[in-house]
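Visitor: So that we are looking at the same thing, I have put the structure below in C-alpha cells.
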Amino acid sequence: MIDETLLSTITILASIISSVSALVYWLDKRFNSIDNRIEKLENAFLQFSEILISTLEAKNVLSSAEALILRGAVKSLLPTPKSKYYTREVYERLLQLLDKDPNDYTMADIEEMERIADLIEMEGFESGRKDLKQYAWKLRYFAMIAKVVFVYPKLRKAQTRSTQ
C-alpha cells in the first residue's frame with residue numbers, strides 16, 4: 001500500500017517536473033526572442049538618431065556651440081556615485097572626459113562615455129534610481145553628438161589625406 005502510494009506520488013511528481021521543465025524551456029526561448037527584438041529596436045533607434053544628428057550637423061543646424069551647451073548641461077546634471085557600477089572612479093573618469101577639450105575627443109573617448117553610460121544605467125536599474133537611468137541617456141546623446149561634431153570631421157580629414 002505504501003509502495004503504491006509512493007510510486008504514484010513519484011510518477012505524479014515526475015510528470016509535473018517534466019511539464020514545468022518544458023514550460024520553462026518554452027518561456028526561455030520566447031523571452032530570448034523578445035530580448036533580441038528589443039535589442040534590434042534599440043539599435044535601430046540609436047542608428048537613426050546618429051543619422052539625424054549627422055544630417056543636422058551637415059546642414060549647420062548643429063554646431064560645436066550647441067554641442068558645448070549640451071556638454072555643460074550633461075556636466076551640471078552629473079549624478080553622485082553610489083555603489084557597485086557607478087563608482088567614485090567611474091565618476092572621476094567621466095568628469096575628466098567632460099572637462100577635456102572636445103576638439104581633442106577620440107573614438108576611444110566616445111566609446112568610454114558610452115561604456116560609462118551603460119554602467120550608470122545598470123546602477124540605476126539595480127538601485128531603482130530613476131535619475132541615473134535618465135542621465136545615462138543624456139550622456140549617450142552627448143557622446144553621439146560629440147562623435148558627429150568633433151570626431152567624425154577629424155576622421156574625414158584623415159581619410160581624405162590618406163587618399164590623396
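Visitor: Nearest 10 degrees, 0 to 90: what angle lies between the long axis of helix 130-146 and the longest principal axis of the chain (Cα atoms)?
Guide: 40
Visitor: With +1 assigned to the C-beta of every Lys and Arg and -1 to the C-beta of every Asp and Glu, and no other charges, what is the dipole magnitude of the chain about the Cα centre in debye, to the nearest 20?
Guide: 740
Visitor: Against the longest principal axis of the chain, how steep is helix 107-127, in degrees 0 to 90 to the nearest 10, with axes from Cα atoms?
Guide: Between helix and principal axis, roughly 40 degrees.
Visitor: For the chain, modelled as a GNM with alpha-carbon contacts under 10 angstrom, which of Glu89, Glu112, Glu123 fluctuates the most?
Guide: Glu89
Visitor: If you fit an axis through the alpha-carbon atoms of helix 2-58 and take the longest principal axis of the Cα set of the chain, what angle between them do you get, 0 to 90°, nearest 10?
Guide: Taking Cα atoms only, the helix is inclined about 10 degrees.
Visitor: How big is the charge dipole of region 1-88 about its Cα centre, in debye rounded to the nearest 20, if each Lys and Arg gets +1 on its Cβ and each Asp and Glu gets -1 on its Cβ?
Guide: Dipole magnitude for region 1-88 comes out near 600 debye.
Visitor: For region 1-130, what does the accessible surface come to per residue with a 1.4 Å probe? Please give it in Å². Mind showing how you got there, number by number?
Guide: Values: 9300 Å² over 130 residues.
Per-residue value: 72 Å².
Visitor: Another one. I want to make sure I understand the PRE zone here: with the label point 7 angstrom from the Cα of Glu126 toward its beta carbon, which residues in region 72-92 have backbone N atoms less than 17 Å away?
Guide: 80-92, by backbone N distance to the label point.
Visitor: Rounded if a/c is under 1.5, else prolate if a/b beats b/c, else oblate: with a ≥ b ≥ c from the C-alpha gyration tensor eigenvalues square-rooted, which is region 16-76?
Guide: Note, shape of region 16-76 comes out oblate.
Visitor: Subtracting the Cα-Cα distance from 0.36 nm times the residue separation, let me have the gained length for Lys59 to Trp26 in nm, one decimal.
Guide: So the chain would gain 6.9 nm between Lys59 and Trp26.
Visitor: How much length, in nm to one decimal, is gained on full extension between Glu50 and Leu13, taken as 0.36 nm per residue of separation minus their Cα-Cα distance?
Guide: Fully extending the segment from Glu50 to Leu13 adds 7.9 nm.
Visitor: Next question. Can you compute the modelled spin-label distance between Glu92 and Thr80, with each label point 7 Å from Cα toward Cβ, in nm?
Guide: Placing both labels 7 Å beyond Cα along the Cβ direction yields 1.8 nm.
The values are calculated or read from the model by the stated rules, or taken from the named source; none is laboratory data. For clarity, every value in this text was computed on a predicted model and none was experimentally measured. Positions of Cβ are generated from backbone atoms using ideal geometry, with glycine treated the same way; all protein chains shown enter the neighbour counts. The accessibility values were calculated without ligands, DNA or RNA, using every heavy atom of the protein model including side chains. Shrake-Rupley method; radii C 1.70, N 1.55, O 1.52, S 1.80 Å.
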